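Okay, so here's the structure we're looking at.
The values are calculated or read from the model by the stated rules, or taken from the named source; none is laboratory data. Remember, predicted model here, so these are calculated numbers, not experimental data. All accessible areas refer to the heavy atoms of the entire protein, side chains included, with ligands and DNA or RNA removed. Shrake-Rupley method; radii C 1.70, N 1.55, O 1.52, S 1.80 Å.
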Amino acid sequence: MAWPRRERWPGRPSGGAPAGRERRGRRPPAPGAGVVAKDSTGGETVDKGRTAAEERARRWRLVLGAEDGADGTGCRLDGRDAAMDRALAALYRTGAAPGGGDRPGTAGLGASAPRVARWLGDIRTYFPTSVVQVMQRDAIERLGLSALLLEPEMLEAVEPDVHLVGTLLSLHQAMPETTRETARAVVRAVVAELERRLAPRTRAALTGALDRSARVNRPRGRDIDWNRTIRANLRNYLPDHGTVVPERLIGHGRAARSLRKEVILCVDQSGSMAASVVHAAVFGAVLASLRAISTRLIVFDTSVVDLTDRLDDPVDVLFGTRLGGGTDINRALAYCQSRITRPADTVVVLISDLYEGGIRDEMIERVAAMRAAGVGVVALLALSDEGAPVYDRAHAAALAALGVPAFACTPDHFPEVMAAALEKRPLPVPSAPPGG
């Protein structure tokens, strides 16, 4: 059997990337059970004419590839399968170099924007959207195609996703004027999808948390918390009547009447935190839409930028960031601390991998001081779906010793974390620490 040419993923045909992978350890998709070709309507196709052995050989052939069109599987590809194989070979063939230079007689993307645009169209034809996004990320990282994203025809061909947004944000200072509007359209499409998925749940969770945190003893009928009221009046149970006499009523306050909570999102904008920055911008806009919460968004590297005045448009927030550079968490926390007016009603959410380029001891002391003043502090190592992050374990342990557990959080889990922080309940920390 020929040696696998797709060197980044020489694994089995029925498996995917390993669970708990680190952000920088992605592998290309398997074109077998996990990657099924699409028909003209975008649905999956199943060839019922193959035997199980033939299908298995076909999948191995697609995984292993072959420079001469066949390998030790004894399976030759034609038609749609051959086209899928060419699309995979252009990206994952052995010896592909950053910059996309081709060897004679082999596939490759080269450095031509039209060629890459055609390839992007091909993979959207043959693979599901989730796989297309993985292959796009691999093309950008493996073949050094970032510069081609500065061309409008490339941006129009790509499948928008969070990782692509991160790449565009890192490039936007270098973008020509003709590309900027196309780039904003790509970013806006991703932000709109995230808002559609995350905003309703976030508003529901946080509105409920704010209501529960403001219980009153003389509530209106529609504001009565019946579960707590019944528990508080169990001694007044009348067995003959099968009922409880509610001598004392407990209810929810009406959160919208007054401003009670302040949330400060303090987000590390170093290059490794790109996906977290995108999600933080969306959540910042959602939080800012709740009248009972005063929301502030701070992004930092070695400098600190307050983007609070842009929270009505997450796209403006994202284009106000500057991905890359160093990290000075201490300086960022000092700025946040200076903006706190009501410590007992404030939650600071630090989103960072905790690799501190500033003064480490002062950073820890600053968190301790905020905690002592009554500020709720949440430390998220990542706000993304990328799996276990890379982070500074010593700093995470130091924060945990102060009662501030540091953990990674998916966007779907973030509303629950924020609800617990606003109610001053224990945070729903994952049972296993990030990265094992």
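Per residue, the accessible area of region 374-420 comes to 27 Å², computed with a 1.4 Å probe over protein heavy atoms only. With all protein chains in place and a 1.4 Å probe, the accessible surface of region 254-399 carries 48 percent carbon and sulfur. Using a probe of 1.4 Å, the accessible surface attributed to Arg188 totals some 110 Å² when neighbouring protein chains are kept in position. For region 238-361, the per residue solvent-accessible surface stands at 39 Å², with DNA, RNA and ligands left out and a 1.4 Å probe.
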